[in-house]
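A.B. asks: Right, I'll just put the structure down here and ask away after.
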Amino acid sequence: MGKTIGIVSLKGGVGKTTMVTALAGAFFRLGKKVLIVDGNLSMPNLGLHLNIIDPKTTVHDVLNKEAGVKEAIHPYPGFDILPASLFTNAKVNPFLLKNNLREIKRKYDVIVIDSSPALNDETLAVMLASDEIFVVSTPDHPTMSTSLKAAKIAKQRGTPISGIILNKVHKKKFELPLKTIENTLEMPILAVVPYDTNVLKSLSFMEPFTIHNPFSEGSEEVMKFAAMLVGEKYSGRSFMNFFRTIVPAKQDINREIFYEGFFK
Ligand SMILES: Nc1ncnc2c1ncn2[C@@H]1O[C@H](COP(=O)(O)OP(=O)(O)OP(=O)(O)O)[C@@H](O)[C@H]1O
Ligand SMILES: [Mg+2]
């Protein structure tokens, strides 16, 4: 039975969709069967990241009960995608997502759901459909305040956020320190992905960055995070990892704790 992972943040542009495609690439590299789902129904962009512009059947049709969920799943090299429609004004019931995904869960090792950057029913529906939720945040005060709000809402809805994916990190002194972010949000940082222009380049090629630049620092982080989610270890291929075995980074320790807590 697959595990459903929701990727959320109440702020736009932090990298949710980028992270969903990167995770798809990472799970593929780990040999897992993965489906990614566009849960951003009002402003979908998951398909756009992968050159799937106007698919015949979409999650909108499924939520409108005009198509079965299997009909709306499209193959992409390495994984499957359930895209949303860019060109519809149809009002749908996002809360049907959970039951529709339940129907196909056993076909996949992991299902990863992208979400809308707003506090609306779409985001709540993604939270309800997920077994585990992760928030994408950047290391600054405005984003952290929205992450705090997301954490509060997820907790109220019964699926607390399991951890933070810190993205677009410049490693500058003016950025909020990891410890401050963790203490404020009261959850662990499980991946730290640097700001990298190669991520923008991979987007121009419409490919996940974990496939386009498989051994970049960001890709190695997403690989380790993805492996942790399925109870596996990815030791990493880059030179940097050698030093990290001697002096582990904060997120290495957090992933280890998460792994031990969930899978041992
Ligand atoms: N680590 C990174 N380094 C550099 N650029 C990045 C990184 N992560 C994401 N980006 C870029 O930031 C932009 C926004 O990313 P993305 O579309 O994934 O955000 P989002 O949270 O899904 O936004 P929205 O809420 O509007 O859907 C994209 O151009 C993407 O390529
Ligand atoms: Mg997006």
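The values are calculated or read from the model by the stated rules, or taken from the named source; none is laboratory data. The model shown is predicted, which means the values in this text are computed figures rather than measured ones. Glycine gets a Cβ as well: all are built from the backbone with ideal geometry, and neighbour counts include every protein chain shown. The accessibility values were calculated without ligands, DNA or RNA, using every heavy atom of the protein model including side chains. Shrake-Rupley method; radii C 1.70, N 1.55, O 1.52, S 1.80 Å.
A.B. asks: Name the residue that is nearest to Gly25 (Cα to Cα), counting only residues in region 210-232 that are in a helix (DSSP H, G or I) and open to solvent by 10 Å² or more (accessible area, probe 1.4 Å).
C.D. replies: Within region 210-232, the match that is nearest to Gly25 (Cα to Cα) is Ile211.
A.B. asks: Can you tell me which residue is most open to solvent (accessible area, probe 1.4 Å) among those in region 1-32 that are in a helix (DSSP H, G or I) and within 11 Å of ligand 2 (Cβ to nearest atom)?
C.D. replies: Thr18
A.B. asks: Is it the case, given these coordinates, that Gly68 is under 20 Å from Arg29 (Cβ atoms), out of contact with any strand residue (DSSP E or B) (no Cβ under 7 Å at 6 or more places or on another chain) and either among the small types (Gly, Ala, Ser) or crowded, with 22+ Cβ neighbours inside 10 Å (or both)?
C.D. replies: Judged against the criteria, Gly68 is not a match.
A.B. asks: So which of Val193, Val169 ends up being touching an Asp or Glu at 6+ places or on another chain (Cβ under 9 Å) and closer than 27 Å to Ala129 by Cβ? Don't jump to the end; show me each part of the working.
C.D. replies: Details: Val169 fails: closer than 27 Å to Ala129 by Cβ.
So the residue among Val193, Val169 that is touching an Asp or Glu at 6+ places or on another chain (Cβ under 9 Å) and closer than 27 Å to Ala129 by Cβ is Val193.
A.B. asks: Further question: Filter region 33-60 down to residues that are in a loop (DSSP other than H, G, I, E, B) and within 16 Å of ligand 2 (Cβ to nearest atom), then give me how many there are.
C.D. replies: Going residue by residue through region 33-60, those that are in a loop (DSSP other than H, G, I, E, B) are 33, 39-45, 50-58.
Add one more test, that the residue is within 16 Å of ligand 2 (Cβ to nearest atom), and what stays is 39-45, 50-53, 58.
Count: 12.
A.B. asks: Pick out the one residue from Thr180, Thr143, Thr184, Thr138 that is farther than 30 Å from Ala72 by Cβ and without any contact (Cβ under 8 Å) to a residue 12 or more places away in the chain.
C.D. replies: On inspection, the qualifying residue turns out to be Thr180.
Here's the yes/no breakdown for (1) away from ligand 1 (no atom under 15 Å from the Cβ); (2) at pLDDT 95 or above; (3) among the acidic types (Asp, Glu); (4) under 16 Å from Met223 (Cα atoms):
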site: Met19; (1), (2), (3), (4): no, yes, no, yes
site: Phe27; (1), (2), (3), (4): yes, yes, no, yes
site: Lys33; (1), (2), (3), (4): yes, yes, no, yes
site: Gly39; (1), (2), (3), (4): no, yes, no, no
site: Leu46; (1), (2), (3), (4): no, yes, no, no
site: Val62; (1), (2), (3), (4): yes, yes, no, no
site: Lys70; (1), (2), (3), (4): yes, yes, no, no
site: Phe87; (1), (2), (3), (4): yes, no, no, no
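A.B. asks: Does region 48-58 hold any residues that are within 16 Å of ligand 1 (Cβ to nearest atom) and either touching a Pro at 6+ places or on another chain (Cβ under 7 Å) or more than 15 Å from Asp114 (Cβ to Cβ) (or both), and which are they?
C.D. replies: Result: Asn51, Ile52, Ile53.
A.B. asks: Could you list, in sequence order, the residues of region 109-128 that are more than 13 Å from ligand 1 (Cβ to nearest atom) and either at pLDDT below 95 or open to solvent by 10 Å² or more (accessible area, probe 1.4 Å) (or both)?
C.D. replies: Asp109, Asp121, Leu124, Leu128
A.B. asks: Could you say which residue among Thr88, Thr57 is open to solvent by 10 Å² or more (accessible area, probe 1.4 Å), in contact with a helix residue (DSSP H, G or I) (Cβ under 6 Å, 6 or more places away or on another chain), free of Cβ contacts under 8 Å to residues at least 24 places away in the same chain and not small (Gly, Ala, Ser)?
C.D. replies: Thr57
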